[in-house]
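Peer 1: A single structure is presented below for examination.
The values are calculated or read from the model by the stated rules, or taken from the named source; none is laboratory data. Quick caveat: nothing in here was measured; it's all calculated off a predicted structure. When we count neighbours, we look across all protein chains shown, and the Cβ atoms used for this are built from the backbone with ideal geometry, even at glycine.
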Amino acid sequence: MHMKLLEGKVAIVTGAARGIGEAVALKMAEHGAHVAFSYVSDNSREKAEALAQRIKSMGVNAKAYQSNAGDFNACEQFVNDVISEFGQVDICVNNAGISKDNLLLRMTPEQWNDVIQTNLNSVFYMTKQVIKPMMKAKSGSIINMSSVIGEMGNAGQGSYAASKAGVIGFTKSVAKELGSRNIRCNAIAPGFVETDMTSYLKEGNSAEKYMSLIPLGKFASAEDIANSCLFLASDWGSYITGQTISVCGGMNI
């Protein structure tokens, strides 16, 4: 058995019923962390409960919470529940995200606000809650899911790009504000990842168009992103804070 990097730690992962969040939750558990994770819709309940069972079978504690990361009160309740159940919070992965892509001429204020609320405001809501126990413990690692689109921009993705760029600025500010308390805050900027959210990119000619932008010539797996999360969450990343690690196959160059 390989060395476990997160033995006895407690990790929170938002939006973990599928895709990147699910891969992150499993990776943390594989390395000995207890995992509390959230999912938002009733449709995801079955998947979330199955994931919790799967994680428990790996010999650590796990619990699925139905909670909307884009709702301040829900985040407060979620973190309070996790602390009363698990006793501590060492790692927080702010992964919950949506896209509602539209050209600017067609984008409605509602579409814009939904994306900002879920992708950017949620990171503030969750971070505000988890820094309290982390400050007490004088340690913690916060990992915010940005996107290569937040660095590069993309036509038709104005709201998504703005939300993900906002995450990067917020991440740097948190790193500066809480570094003296031994709390680290970093962002990961995935490129194209093979998940339900990107499956439409593989249809028709667009797949070839996107592949041509990626020096490594392929999409990431969700596990590729989870591996970077593990690194930033663990002591292996102990001198890294305020950074955005692009896990994009070189797409942003």
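Peer 1: Every residue in the stretch 193-251 that is modelled with pLDDT under 95, among the hydroxyl-bearing types (Ser, Thr, Tyr) and within 22 Å of the chain's Cα centre (by Cα), please.
Peer 2: Residues satisfying the conditions are Thr195, Thr198, Ser199, Tyr200.
Peer 1: I'd like the residue in the stretch 2-35 that is over 16 Å from the mean Cα position of the chain (by Cα) and either part of a strand (DSSP E or B) or on the phi > 0 side of the Ramachandran plot (or both) and, out of all such residues, is surrounded by the fewest Cβ atoms within 10 Å (Cβ to Cβ).
Peer 2: Gly8
Peer 1: Gln53: closer than 20 Å to Lys128 by Cα, without any contact (Cβ under 8 Å) to a residue 40 or more places away in the chain and surrounded by fewer than 18 Cβ atoms within 10 Å (Cβ to Cβ), yes or no?
Peer 2: For Gln53, the condition - closer than 20 Å to Lys128 by Cα, without any contact (Cβ under 8 Å) to a residue 40 or more places away in the chain and surrounded by fewer than 18 Cβ atoms within 10 Å (Cβ to Cβ) - is not met.
Peer 1: Same structure again: Being within 25 Å of Gly8 (Cβ to Cβ) and without any contact (Cβ under 8 Å) to a residue 24 or more places away in the chain, is that true of even one residue in the stretch 84-106? Steps first, please.
Peer 2: Narrowing the stretch 84-106 to residues within 25 Å of Gly8 (Cβ to Cβ): 84-95.
Going one step further and asking which of them are without any contact (Cβ under 8 Å) to a residue 24 or more places away in the chain, we end up with 84.
Scanning the stretch 84-106 turns up at least one residue that is within 25 Å of Gly8 (Cβ to Cβ) and without any contact (Cβ under 8 Å) to a residue 24 or more places away in the chain.
Peer 1: Another one. Identify, by number, the condition in (1) modelled with pLDDT of 95 or more; (2) surrounded by 17 or more Cβ atoms within 10 Å (Cβ to Cβ); (3) touching a helix residue (DSSP H, G or I) at 6+ places or on another chain (Cβ under 7 Å) that Ala175 doesn't meet.
Peer 2: Every condition holds for Ala175 apart from (3).
Peer 1: Here's a follow-up. Could you check the stretch 222-244 and list, in sequence order, the residues that are free of Cβ contacts under 8 Å to residues at least 40 places away in the same chain and more than 17 Å from Gly8 (Cα to Cα)?
Peer 2: Asp224, Tyr239
Peer 1: When you go through (1) in contact with a strand residue (DSSP E or B) (Cβ under 8 Å, 6 or more places away or on another chain); (2) crowded, with 19+ Cβ neighbours inside 10 Å one by one for Leu230, which number turns out not to apply?
Peer 2: Status for Leu230: all satisfied but (1).
Peer 1: Let me confirm something: among Val35, Val115, Val24, Val40, which residue is among the β-branched types (Val, Ile, Thr) and in contact with a Lys or Arg (Cβ under 6 Å, 6 or more places away or on another chain)?
Peer 2: Values: Val35 fails: in contact with a Lys or Arg (Cβ under 6 Å, 6 or more places away or on another chain); Val24 fails: in contact with a Lys or Arg (Cβ under 6 Å, 6 or more places away or on another chain); Val40 fails: in contact with a Lys or Arg (Cβ under 6 Å, 6 or more places away or on another chain).
After ruling out the rest, the residue left standing is Val115.
Peer 1: Okay, moving on. Test Ser38 against the stated conditions and say whether it is modelled with pLDDT of 95 or more, of a type in the set (Ser, Thr, Tyr), crowded, with 23+ Cβ neighbours inside 10 Å and not in a loop (DSSP other than H, G, I, E, B).
Peer 2: Yes; evaluated as a whole, the condition is true for this residue.
Peer 1: Residues in the stretch 51-66 that are out of contact with any Lys or Arg (no Cβ under 6 Å at 6 or more places or on another chain), more than 25 Å from Ile116 (Cβ to Cβ) and outside any helix (DSSP H, G or I): how many?
Peer 2: Adding up the residues that qualify gives 7.
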